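Peer 1: Sharing a structure here in structure tokens format.
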């Protein structure tokens with residue numbers, strides 16, 4: 001399975017090593033999507049986030065969706081998670097964390113909600129990564145997957161200013177209909193699949209970039225909001241993410 005990975009442990013150690021502890025608000029990224037997916041859970045309250053470190057989304061699901069979250073990742077900094085929990089007025093036991101490979105680990109329980117955010121696109125074998133999600137789901141459970149949309153404006157930005165980051169993303173994972181079919185082939189019923197209604201543009205470590213690029217990104221972000229208001233945000237060119245919600 002390692003042959004399908006576009007990243008390594010060192011990739012993520014470097015990526016997360018500079019991140020800050022955050023107080024997760026009710027309006028955190030994907031908040032409407034998270035609440036919507038959680039509302040579809042009818043079988044219990046156990047959820048797990050695959051590739052879940054540093055745990056921001058798990059904190060949200062605990063605080064605002066009343067779910068009992070776990071996360072699994074092959075890179076987990078326990079001290080970071082503990083500090084994150086303190087900053088969000090949660091207890092150590094409020095989020096379980098597992099440091100292991102999602103493919104090799106055999107879950108002790110099955111989960112009512114299985115989710116991942118920015119994970120699937122780092123693999124070349126899409127079927128295998130979807131099956132890995134299904135492995136953690138209980139019958140009747142809900143699946144939520146999001147990936148960045150690099151088939152539009154944000155992809156062009158990566159190509160021009162961060163081709164190294166673009167190279168660790170499988171662009172085929174960002175096509176809605178083929179992924180829907182793959183989910184169906186894996187025994188899932190797709191409930192929703194769409195472009196996420198946000199036109200925000202981004203580059204990794206923008207704070208470390210030159211002043212002209214920073215200004216250009218701010219101007220482009222405002223222009224994208226204008227275009228979104230005119231043409232709609234849920235489309236391949238403007239949207240910054242793609243999502244699927246499915247049921248087992």
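Peer 1: Name the residues in the range 33-49 that are farther than 20 Å from residue 119 by Cβ and in a helix (DSSP H, G or I), would you?
Peer 2: Correct list: 35, 39.
Peer 1: Something else: Scan (1) within 15 Å of the chain's Cα centre (by Cα); (2) at pLDDT 95 or above for the single condition residue 63 breaks and write down its number.
Peer 2: (1)
Peer 1: Here's another thing I want to ask about it. Does at least one position in the range 134-152 carry a residue that is within 21 Å of residue 235 (Cβ to Cβ) and more than 15 Å from the chain's Cα centre (by Cα)?
Peer 2: Looking for residues that are within 21 Å of residue 235 (Cβ to Cβ) and more than 15 Å from the chain's Cα centre (by Cα), one finds at least one in the range 134-152, hence yes.
Peer 1: On to the next question. Anything in the range 182-226 that is assigned to a helix (DSSP H, G or I) and touching a strand residue (DSSP E or B) at 6+ places or on another chain (Cβ under 9 Å)? List them, or say none. Steps first, please.
Peer 2: Within the range 182-226, the first condition is being assigned to a helix (DSSP H, G or I), and the residues that meet it are 182-185, 206-208, 211-226.
Passing the criteria: 183, 184.
Peer 1: Considering only residues that are in a loop (DSSP other than H, G, I, E, B) and closer than 16 Å to residue 91 by Cα, which ones fall in the range 55-68? Spell out how you get there, then give the answer.
Peer 2: The initial filter retains those residues of the range 55-68 that are in a loop (DSSP other than H, G, I, E, B), namely 55, 65-67.
Once the filter is applied, which keeps residues that are in a loop (DSSP other than H, G, I, E, B) and closer than 16 Å to residue 91 by Cα, the range 55-68 yields 55, 66, 67.
Peer 1: Which ones in the range 83-97 are outside any loop (DSSP other than H, G, I, E, B) and surrounded by fewer than 17 Cβ atoms within 10 Å (Cβ to Cβ)?
Peer 2: Just the residues of the range 83-97 that are outside any loop (DSSP other than H, G, I, E, B), to begin with: 83-87, 92-94, 96-97.
Across the range 83-97, the qualifying residues are 83, 86, 87, 92, 93, 94, 96.
Peer 1: Going by the structure shown, is residue 165 at pLDDT below 95 and in a helix (DSSP H, G or I)? Can you show your working first?
Peer 2: On the way: at pLDDT below 95: yes; in a helix (DSSP H, G or I): yes.
When the stated conditions are applied, residue 165 passes them.
Peer 1: For residues that are surrounded by fewer than 18 Cβ atoms within 10 Å (Cβ to Cβ) and touching a helix residue (DSSP H, G or I) at 6+ places or on another chain (Cβ under 8 Å), tally how many sit in the range 221-247.
Peer 2: 1
Peer 1: Same structure again: Of all the residues that make up the range 98-111, how many are in a strand (DSSP E or B) and either in contact (Cβ under 8 Å) with a residue 60 or more places away in the chain or under 9 Å from residue 70 (Cβ atoms) (or both)?
Peer 2: 2
Peer 1: Hey, among 208, 172, 164, which residue is closer than 29 Å to residue 36 by Cβ and surrounded by fewer than 14 Cβ atoms within 10 Å (Cβ to Cβ)?
Peer 2: Working: 208 fails: closer than 29 Å to residue 36 by Cβ; 164 fails: closer than 29 Å to residue 36 by Cβ.
After applying the criteria, what remains is 172.
Peer 1: Looking at the range 52-67, can you tell me whether even one residue there is under 25 Å from residue 194 (Cα atoms) and touching a residue at least 60 places away in the same chain (Cβ under 8 Å)?
Peer 2: For the range 52-67, residues under 25 Å from residue 194 (Cα atoms) and touching a residue at least 60 places away in the same chain (Cβ under 8 Å): present.
Peer 1: Inside the range 125-157, can you point out the residues that are under 26 Å from residue 214 (Cβ atoms), touching a strand residue (DSSP E or B) at 6+ places or on another chain (Cβ under 9 Å) and not in a strand (DSSP E or B)?
Peer 2: Answer for the range 125-157, where residues must be under 26 Å from residue 214 (Cβ atoms), touching a strand residue (DSSP E or B) at 6+ places or on another chain (Cβ under 9 Å) and not in a strand (DSSP E or B): 149, 151, 152, 154, 155.
Peer 1: Follow-up. Report yes if some residue within the range 114-122 is in a loop (DSSP other than H, G, I, E, B) and either without any contact (Cβ under 8 Å) to a residue 40 or more places away in the chain or under 23 Å from residue 59 (Cβ atoms) (or both); otherwise report no. Let's see the steps before the verdict.
Peer 2: Looking only at the range 114-122, we keep the residues that are in a loop (DSSP other than H, G, I, E, B), and these are 118-119.
Now narrow it down to the ones that are either without any contact (Cβ under 8 Å) to a residue 40 or more places away in the chain or under 23 Å from residue 59 (Cβ atoms) (or both): 118-119.
Scanning the range 114-122, I find at least one residue that is in a loop (DSSP other than H, G, I, E, B) and either without any contact (Cβ under 8 Å) to a residue 40 or more places away in the chain or under 23 Å from residue 59 (Cβ atoms) (or both), so the answer is yes.
Peer 1: Does residue 179 satisfy the criteria of being closer than 19 Å to residue 40 by Cβ, within 20 Å of the chain's Cα centre (by Cα) and assigned to a helix (DSSP H, G or I)?
Peer 2: On the way: closer than 19 Å to residue 40 by Cβ: yes; within 20 Å of the chain's Cα centre (by Cα): yes; assigned to a helix (DSSP H, G or I): yes.
Answer is yes for this residue.
Peer 1: While we're looking at this one, here's another question. Between 110, 131, which is surrounded by fewer than 22 Cβ atoms within 10 Å (Cβ to Cβ), farther than 23 Å from residue 176 by Cα, more than 16 Å from the chain's Cα centre (by Cα) and at pLDDT 95 or above? Please lay out each step first, then the result.
Peer 2: Details: 131 fails: farther than 23 Å from residue 176 by Cα.
Among 110, 131, only 110 is surrounded by fewer than 22 Cβ atoms within 10 Å (Cβ to Cβ), farther than 23 Å from residue 176 by Cα, more than 16 Å from the chain's Cα centre (by Cα) and at pLDDT 95 or above.
The values are calculated or read from the model by the stated rules, or taken from the named source; none is laboratory data. From a predicted model like this one, the values you see are computed outputs, not experimental measurements. Note: ideal-geometry Cβ built from the backbone for every residue, glycine included; neighbour counts use all protein chains shown.
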